[in-house]
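The block underneath contains the structure these notes are about, expressed in structure tokens.
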Amino acid sequence: MILEKRIVIDLNDHDSSWLIPWKQEAPDGYVGEYQSTILMAEGPHREYSVTDSIMCAKRPEQTEDEASAFSHAHKNGFETFFVDSGWMYLYVDGRKCRVTPGDIIHLQPGQQHAMAFMEDVKYRGFFHDLNSLDFAEIAQHLKDKMPEAAADPEFQRVRGEVGGMDMILRERPVYKDAPVEEVRAVRNPDRPYASYEFPGCTVKVITTRWENAGVNEMICAQLKKGVKVSWNPYPRERELYYVRHGLAEFTVYGEKHIAKEGCIVNIPRFAPHSLVTLKDCEIYDMGGKPYWFAFLQDYEAIRTYAPERLEKPETLTELRKKFGVEVSGVSFAG
Ligand SMILES: [Fe+2]
């Protein structure tokens, strides 16, 4: 079963996880990027689309500005990149800033962006409304079956015509240097949009609905060791988590899966599941279907203005239902 093999995907294990490897190689052999598709896009908003890349350090003889010449924007697509090793410069909104591990880049349609990679960077991309992975799987299949056809310029031309890649090439950016804290395209759990405290758990809002055309939103849950999270028996939406730090045991379909640092947890809809943290964890909800921010804001409002309402269990039950939150309970032994 394909589904079962792809529940926990370890991005640091390229042999088992990189599905459609690709590299950007110059005629002289310099490789700019090693990339692989991890999950394919689905549905009208091309969601659950994930790639993993090693963006290679710029050529030593290049200045960083020369290395950043690939300036572009997308008409409809949203890109979210986790920078998980190395460091880079990002040119965005007429500014240039230094991006380091822990940072998350969130780019919206029309936003000009360019990058210069100063070291090899682990660059984990989550996309929606972007057609970059369309045809990747079937083009790979053609390559496996008929390498000569896949290399045929006529095929490349046809694929380009049909695909109509959502990419607008832009001029080299004119910029001012800026501290990363002042660049809104760069997010970091240390500078969340909002943050909410619970026993054993801090929930941080990283991107909002209105920064994702209403399609999804991203929260980061920082969970202490020993937190147990349970979900409703048959959750209505597919879920996608990124374990950026820590160690967690997910139980899916009654079977245990260990997710360590750098793992994606890909849970099919209707699959009964739960998790327990085996170490302190930082886990991101990359599916973003629950209206987390609204739920957290209203929960905080009730906790602040009318805490007696929380004594009735139906208050929380109704709030979860209203905002599509399928988490049914969180407990902390510590
Ligand atoms: Fe882009």
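Throughout, read-outs are computed from the coordinates displayed, never taken from laboratory work. Remember, predicted model here, so these are calculated numbers, not experimental data. So basically every Cβ, Gly included, is an ideal-geometry build from the backbone, and we count neighbours across all protein chains shown.
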Problem - Cα-based equivalent ellipsoid, segment 194-332: semi-axes from gyration tensor eigenvalues, Å - result: 23, 17, 16
Fill in the blank from the handout: The FRET efficiency for Ala69 and Thr100, from their Cβ-Cβ distance with R0 = 22 Å and rounded to 0.05, is 0.50
Practice task
Over segment 194-332, calculate the relative contact order: mean separation of alpha carbon pairs under 8 Å at least 6 apart, over the residue count, as a percent.
Solution key: 29 percent
Practice task
Find how much the distance from Asp177 to Phe198 grows on full extension, using 0.36 nm per residue of separation minus their present alpha carbon separation; answer in nm with one decimal.
Solution key: 3.8 nm
Completion exercise
With R₀ set to 41 angstrom, the calculated FRET efficiency between the beta-carbons of Thr317 and Glu33, to the nearest 0.05, is 0.30
Practice task
May I ask you to list the GluC sites (Glu not before Pro) in segment 94-170 that are in a DSSP loop and have at most 14 other Cβ atoms within 10 Å of their Cβ?
Solution key: Glu119
Practice task
Before rounding to the nearest 500, sum -39500 (n - 2.57) across all DSSP H runs of length at least 4 in the chain and divide by the residue total; then give [θ] at 222 nm in deg cm²/dmol.
Solution key: -5000 deg cm²/dmol
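Residue separation times 0.36 nm, minus the C-alpha to C-alpha distance between Phe270 and Asn12: what's the value?
On the way: separation 258, 0.36 × 258 = 92.88 nm, distance 2.80 nm.
Contour length minus Cα-Cα distance gives 90.1 nm.
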Exercise for the section: For the chain, calculate the relative contact order in percent as a whole number, restricting contacts to Cα pairs under 8 Å that are 6 or more residues apart. Expected result: 16 percent
Completion exercise
Expressed in nanometres to one decimal, the distance between label points 7 Å along Cα→Cβ at Ala213 and Glu261 is 3.5 nm
Handout entry: Distribution of pairwise C-alpha distances over segment 170-235, 5 Å bins, in %
Key = 3, 12, 16, 17, 17, 15, 8, 4, 3, 4, 1
Practice task
Would you mind counting up the charge near Asp93? Only other residues with Cβ under 12 Å from its Cβ, with Lys and Arg at +1 and Asp and Glu at -1.
Solution key: +3
Handout entry: Whole-number Å³ per residue for the convex hull built on Cα positions in the chain
Key = 147 Å³
Handout entry: For segment 97-218, convex hull volume per residue from C-alpha positions, Å³
Key = 186 Å³
Problem - Cα-based equivalent ellipsoid of segment 29-88: semi-axis lengths in Å, sorted from largest, via gyration tensor - result: 26, 15, 10
Problem - Reachable lysines from Lys58, criterion Cα separation under 23 angstrom, eight or more residues apart if same chain - result: Lys23, Lys96, Lys122, Lys176
Practice task
Can you check what the net charge comes to around Gly164, using other residues whose Cβ is under 12 Å from the Cβ of Gly164 (Lys, Arg +1; Asp, Glu -1)?
Solution key: -1
Completion exercise
Taking r as the C-beta separation of Leu278 and Ala301 and R0 as 30 Å, the FRET efficiency to the nearest 0.05 is 0.35
Completion exercise
Restricting to lysines and to Cα separations under 23 Å from Lys224, and discarding same-chain partners fewer than 8 apart, the set is Lys204, Lys256, Lys260, Lys279
Practice task
Over the alpha-carbon set of segment 295-334, work out the extent along each principal axis and list the three values in angstrom, largest first.
Solution key: 27, 26, 18
